[in-house]
Structure formats: structure tokens, C-alpha cells
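The values are calculated or read from the model by the stated rules, or taken from the named source; none is laboratory data. Everything numeric here is computed off the predicted structure, so don't read it as measured data. Cβ placement follows ideal geometry from the backbone for every residue including glycine, while neighbour counts extend to all protein chains displayed.
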Amino acid sequence: MDISTTKDTPLPSTPPPPAAEEKRAARGATRPGDRIFLGLSRGSGIFLLVIMAAIAVFLSYRAVLAISQDEGNFFTTFEWNPTGNPPVFGIAVLAFGTIVSSVIAMAIAVPVAVGIALFITHYAPRKLGGPIAYVVDLLAAVPSIVYGLWGALVLVPQLDGLYGWLNDYLGWTGVFEWQGGAPRSMLTVGILLAIMILPIITNVSREVFRQVPRMHEEAALALGATRWEVIRMAVLPFGRSGVISASMLGLGRALGETMAVAMVLSSSFEINLSLLDPGGGTFAQNIASKFSEATEMGRDALIASGLVLFVITLLVNGAARLIIARRKEFSGANA
């Protein structure tokens, strides 16, 4: 055995002991840059919580002022007349319209957005997927007022045929019964909102599907799975939490959309069983249309309705977080 060769051979490096790692981490934590970054990050989080608390306090204070003078039931009244004697106003119609229009938008947009995201990431060739993704990104940048103008001038006149078909074949249900007139109803609002939230859900879902481990897909293909079976068994379980998050982002925009709804909907304070009959309203649309001419009492009433929308949004986001937390361990992300 050659002793000189043995002496010249470098010994394998050994990892530092845990105590040395702790000392190194402690030295890093005391560096000025780390302290500044930690302070800025912590301050940003606290500042966000302070803003949310300030908004909640302001809305609650003004809402209490309005509700204390309301002669009706704020949650069940079908009338909005805060300047009357006595003042009467309620959110029953607004809550119904906001929820119905958002549900319609989600029912239309989520399947289409997930399908587009899957097509871009797993089916379309690169030369075709890139332009489609670019067009979807452009849709996200279109202002709400432009969507509203397009909806009022282009979408509404083109829905007569669809409304007639729904009335002929599904009018017996009462939900799709159409009495004629301009199609400025909750269904029209839902379709317009679906188009508006489509790029948000598509973009987030697309990025989530791109993060699926390649080994998962190759393993499924090696076992003889078809392309659809790979998507069903590997892609969708991995991206389920991301799709839920994307859907909640889209739902947040649908709940708070203002100008587009105001330009398309023929608002009235009545609840119609048929989705094709004009009428109804949403929180954001009612605030936008009545705030400029409202008295002090009327503004307090509108702020009270805004508080309800604020609470609904918090509940929706909280429910989404619970769903994501429960689904995360089954999504395959930790595999």
C-alpha cells in the first residue's frame, strides 16, 4: 500500500456539529440587513392588520348609526328608502342578487377556466399555448367599465336567442321563464361576471398545473395511463388546492364588481324566481348607483350594506382557507 497516496488523499468533509450551525444562525440573525428585513416584514403584516381593523371599525360605526334609525328589519326588508319618514331600508334583495349572480358566474367560469389551463399546460403545443396564455393575460387587464360597455352594447342584444331557447325548453321550471323584454337580468350579469373572472382563475390554475412534479406524470404514463387518466390521477389532485384558491380570487371579484353590473342590470328591489326576468340588485351596484345623490342617512345605510358585503367576503375567504387546509395533505403536494 502506498502510504504517500493515502496521506495525500483528502478526507471527506464532515458536517459541522449542531452547535456550530446554531451559532452561525445566531450570527446571521444579528446582521443589520437581516434585522431590517425582519422589521419591515413584521411591520408590513401588522400594518395590514391595522388597515383591516380600521376599515371594520369605520364600517361598523356608520352601520350602527344607520340601523339604529331603521324602522324595518335590515336583513329582511325589500325596500330601500333611507330618506323616507320613517327611513326604511334592507338588504334582502341585495344579498340575494349578489349571491345568485356570483354563483352563476362561478358555475360558468370555473370549469371553463380549468379546461383552458389544462389545455395550455398539457395539450396545446408550445407555439399555440403561448399565444392563448397571452390573450388570457390581456383579458385580465381590461378595465371593468370596458366590460360594462361591451356587456350593455354587445352582449345584451345577443342574448335574445338564448333566453328564448331557455324559455321554450326549460321555462316549465320557473327558473328560466322569460316574459320578454330586454335581457338585463341576473343571468346576464352572471355571464358577464364569468367572462370577467375567467382570466384570474385561468392564470392561477395554469401556474399551479405547471408545478406538478414531472415524475408523477411519467410514473402514471409508465403504468399505462392515458393522458386523461394522468390528469385525473396526478395533475388535478396536486392542483386541487390551487384551483380552490384561484376560484376564491375570482369569487372575490364577482362579489365586489360594481360598474359592469350597474351598466347591464335593470335593477329593482324585488326578488324574481326566474333568472331571466329583469330586476334585482347587488351590494356594489347599489352603492355605486346611489352614493352620489344620497343624504347623510342614505350614505350610512349604504355603508351598512357595505359592511355586510365585507363580512361575506371574509367568510368566503375563511371558508376557502379551511378547505385548502383540509385538502392540502391529500393533494399530493407533499409526496
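A quick yes/no check of all residues on (1) touching a residue at least 60 places away in the same chain (Cβ under 8 Å); (2) surrounded by 11 or more Cβ atoms within 10 Å (Cβ to Cβ); (3) β-branched (Val, Ile, Thr); (4) assigned by TED's automatic domain parsing to the domain that holds ALA262:
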site	(1), (2), (3), (4)
ALA53	no, no, no, no
PHE74	yes, yes, no, yes
PRO86	no, no, no, yes
ALA95	yes, yes, no, yes
Flag if ALA319 is in contact (Cβ under 8 Å) with a residue 40 or more places away in the chain and either within 30 Å of THR121 (Cβ to Cβ) or in a helix (DSSP H, G or I) (or both) | no
So which residues in the stretch 154-201 are of a type in the set (A, V, I, L, M), in contact with a helix residue (DSSP H, G or I) (Cβ under 9 Å, 6 or more places away or on another chain) and more than 20 Å from ALA109 (Cβ to Cβ)?
-> ALA182
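Condition check ((1) under 15 Å from the mean Cα position of the chain (by Cα); (2) among the hydroxyl-bearing types (Ser, Thr, Tyr); (3) at pLDDT below 90; (4) in the same structural domain as PRO157 (by TED's automatic domain parsing)) across all residues:
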residue: ILE197; (1), (2), (3), (4): yes, no, no, yes
residue: ASN203; (1), (2), (3), (4): yes, no, no, yes
residue: GLU217; (1), (2), (3), (4): no, no, yes, yes
residue: LEU223; (1), (2), (3), (4): no, no, yes, yes
residue: THR226; (1), (2), (3), (4): no, yes, yes, yes
residue: GLU229; (1), (2), (3), (4): no, no, yes, yes
residue: ALA246; (1), (2), (3), (4): yes, no, yes, yes
residue: PHE269; (1), (2), (3), (4): no, no, yes, yes
residue: ASP277; (1), (2), (3), (4): no, no, yes, yes
Yes/no for TYR147 being free of Cβ contacts under 8 Å to residues at least 60 places away in the same chain, in a helix (DSSP H, G or I) and of a type in the set (Phe, Trp, Tyr) = no
Just give me the residues in the stretch 146-175 being modelled with pLDDT of 90 or more and at positive phi, in sequence order.
-> none
Selected residue (only one of THR98, THR83 is within 14 Å of SER305 (Cβ to Cβ), among the hydroxyl-bearing types (Ser, Thr, Tyr) and either at pLDDT 90 or above or assigned to a loop (DSSP other than H, G, I, E, B) (or both)) = THR98
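Given the options GLY39, GLY72, GLY45, name the one that is in a loop (DSSP other than H, G, I, E, B) and out of contact with any Pro (no Cβ under 6 Å at 6 or more places or on another chain). It would help to see each step written out before you state the result.
Working: GLY39 fails: in a loop (DSSP other than H, G, I, E, B); GLY45 fails: in a loop (DSSP other than H, G, I, E, B).
Only one candidate passes the filter, namely GLY72.
Given the residues SER274, SER292, which is the only one that is in a loop (DSSP other than H, G, I, E, B) and surrounded by fewer than 17 Cβ atoms within 10 Å (Cβ to Cβ)?
Values: SER274 fails: surrounded by fewer than 17 Cβ atoms within 10 Å (Cβ to Cβ).
Exactly one of SER274, SER292 is in a loop (DSSP other than H, G, I, E, B) and surrounded by fewer than 17 Cβ atoms within 10 Å (Cβ to Cβ), namely SER292.
Every residue in the stretch 243-275 that is in contact with a Lys or Arg (Cβ under 8 Å, 6 or more places away or on another chain) and not small (Gly, Ala, Ser), please. Explain how you work it out, then say what you get.
First pass over the stretch 243-275, keeping only residues in contact with a Lys or Arg (Cβ under 8 Å, 6 or more places away or on another chain): 244, 264-266.
Result: ILE244, VAL264, LEU265.
Table: residues versus (1) closer than 17 Å to ILE287 by Cβ; (2) touching a Phe, Trp or Tyr at 6+ places or on another chain (Cβ under 8 Å).
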residue	(1), (2)
GLY72	no, yes
PRO82	yes, yes
VAL93	yes, yes
LEU128	no, no
ILE145	yes, no
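Can you name the residue in the stretch 119-138 that is surrounded by 16 or more Cβ atoms within 10 Å (Cβ to Cβ) and assigned to a helix (DSSP H, G or I) and, of all such residues, is nearest to the chain's Cα centre (by Cα)? Outline the logic, then answer.
Within the stretch 119-138, the first condition is being surrounded by 16 or more Cβ atoms within 10 Å (Cβ to Cβ), and the residues that meet it are 120-122, 124, 129, 133, 136.
Within this subset, residues satisfying the condition of being assigned to a helix (DSSP H, G or I) are 120-122, 129, 133, 136.
On the way: ILE120: 21, THR121: 22, HIS122: 24, GLY129: 24, ALA133: 19, VAL136: 16 Å.
So the residue we want is VAL136.
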From the residues in the stretch 295-319 that are out of contact with any strand residue (DSSP E or B) (no Cβ under 9 Å at 6 or more places or on another chain) and within 30 Å of PHE176 (Cβ to Cβ), which one is surrounded by the most Cβ atoms within 10 Å (Cβ to Cβ)?
-> LEU309
